[in-house]
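Comments concern the structure below.
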């Protein structure tokens, strides 16, 4: 009898015996209350006058970028645009300045999302520092062009501080999700 060389006969293989190599990408979604509550809270905090300090990090950009990475179905670039327009109206700045910055940050996160999800919070911070810098730079350059005045480079330090706060945002915003995961692990 001629048997193919190097092949063994199949023995009742079924799809039920297949298991994913890495089950970590299959995670539960964060609660809508956590996502929208954190966005609303940071939006309200962004209305306070401390934001006018020239080195103040943009917490709203940070939270939008974070949830765009982790929950893209709940917080997306349209939401970033809308929140940016609200901030423009609040700050009486050129309409679209914050909107452009938030959309650019969201777009940068979406472009890098597959790579970012492979790393921890500190490596994500390294990837996102240029995203926050560029997302802040383009509206600043346009403002300088339209207004005819240069605001200086203090916005660069604010963008750097926004990026450095990424691990803290990762810890705080995923804390309710981690607590649920720990409770599930303990009951098994």
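Just one residue in the set 30, 38 is modelled with pLDDT of 85 or more and either within 17 Å of the chain's Cα centre (by Cα) or on the phi > 0 side of the Ramachandran plot (or both); that residue is 38.
Assess whether residue 22 counts as being modelled with pLDDT under 90, within 18 Å of residue 113 (Cβ to Cβ), over 20 Å from the mean Cα position of the chain (by Cα) and surrounded by fewer than 18 Cβ atoms within 10 Å (Cβ to Cβ). Judged against the criteria, residue 22 is a match. Return yes when residue 69 is within 15 Å of residue 169 (Cβ to Cβ) and in contact with a helix residue (DSSP H, G or I) (Cβ under 8 Å, 6 or more places away or on another chain) and no when it is not. So residue 69 passes the test. Residue 180 fulfils the conditions (1) at pLDDT below 90; (2) surrounded by 11 or more Cβ atoms within 10 Å (Cβ to Cβ); (3) farther than 21 Å from residue 48 by Cα; (4) in contact with a helix residue (DSSP H, G or I) (Cβ under 9 Å, 6 or more places away or on another chain) except for a single criterion, (4). Just need a number here: residues in the range 154-177 that are outside any helix (DSSP H, G or I) and modelled with pLDDT under 90. Residues in the range 154-177 being outside any helix (DSSP H, G or I) and modelled with pLDDT under 90: 1 in total. For the range 70-98, residues that are surrounded by fewer than 21 Cβ atoms within 10 Å (Cβ to Cβ) and either in a helix (DSSP H, G or I) or in contact with a strand residue (DSSP E or B) (Cβ under 7 Å, 6 or more places away or on another chain) (or both) total 12. Do we have any residue at all in the range 44-59 that's surrounded by 10 or more Cβ atoms within 10 Å (Cβ to Cβ), in a helix (DSSP H, G or I), at pLDDT 95 or above and within 13 Å of the chain's Cα centre (by Cα)? Yes, the conditions are met somewhere in the range 44-59.
Going through the range 114-150 one residue at a time, which ones are touching a residue at least 60 places away in the same chain (Cβ under 8 Å) and in a loop (DSSP other than H, G, I, E, B)? Correct list: 117 only.
The values are calculated or read from the model by the stated rules, or taken from the named source; none is laboratory data. Note that the structure is predicted; figures quoted are calculated from it, not measured. Here the Cβ is made from the backbone with ideal geometry for all residues, glycine too, and neighbour counts use every protein chain on show.
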